[in-house]
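Take a look at the structure set out below.
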Amino acid sequence: MRIGIDIDDTITDTWSYMVPIYSHIFDIPTEELSHSQPYYNSVKKLNLTIDDYFKIMQPYYRENTLNIPIKKDAQEVINILKKEGHKIIFITARGKMYHEPKLITKTYLEKNDIKYDKLIINANDKATICKKENIDLFIDDSYKHCQSVSSIGIKVLMFGTNYNKNIKEFTRITSWYEVYNYINKKVGELS
């Protein structure tokens, strides 16, 4: 199986790690931030352009990205899937927010000993990328990306977060072992 996987808030706990930083920079209470995605609140509330937002946040991401915790069991499950012969393709929208996004993401994956076949960054149109890469299963926390990939007939698992908890149209998962069990069941059905 060819598995497309997002990075931030799918294999990492980026948002929860960054909430106190956002709260301090933008003077937005952490309670308010913990139920939405970062830039939506900051950009709307402070009337920033998205480019201004990226300029403000880039130094903080540069300083903190390598320290963001990995989700429980993500490394173990992804490496087991790779060892079992699945193709692991990381498809991340990381771009303007990150200084040298490819380098920092590769460094993060190496630091956390995560095995993979391919890394695609600046992936703003994940549906087109998933189609080009012949992805069988796509895993992401973003409603927008899950919706676009699902619309072209690719199965999607949505990693549950506070800011997507009310979305019910996709198979929701909350742990990497749920991902593993789902994949094993699907592979078993195909045998």
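Every read-out reported here was derived from the displayed coordinates using simple, explicitly stated rules and does not represent laboratory data. All figures in this text were calculated on a predicted structure; none of them were measured in a lab. All Cβ positions, glycine included, derive from the backbone under ideal geometry; neighbour counts span all protein chains shown.
For region 69-188, the residue among S175, G95, A74 whose Cα projects farthest onto the positive side of the dipole built from Cβ charges is G95.
Per residue, the convex hull spanned by the Cα atoms of region 70-135 measures out at 88 cubic angstrom. Compute the acute angle (0 to 90°) between the alpha-carbon long axis of helix 74-83 and the principal axis of greatest extent of the alpha-carbon atoms of the chain; round to the nearest 10°. Here the helix axis deviates by roughly 30 degrees.
For the chain, averaging the sequence separation of C-alpha pairs within contact (under 8 Å, six or more residues apart) and dividing by the residue count gives a relative contact order of 26 percent. Hey, which of these cross-link pairs are over 28 Å Cα-Cα: K83/K106; K102/K186; K55/K131? Long pairs (Cα-Cα over 28 Å): K102/K186; K55/K131. The value obtained for the chain, namely the Cα convex hull volume divided by the number of residues, is 114 Å³ per residue.
Looking at the chain alone, DSSP beta bridges between its own residues are antiparallel in about 5 percent of cases. In terms of distances greater than 26 angstrom between alpha carbons, the cross-link table entries K72/K132; K96/K168; K118/K155; K71/K96; K111/K185 yield K72/K132; K96/K168; K111/K185. Using a cutoff of 8 angstrom between alpha carbon atoms and counting only pairs six or more residues apart, the relative contact order for region 110-191 works out to 20 percent.
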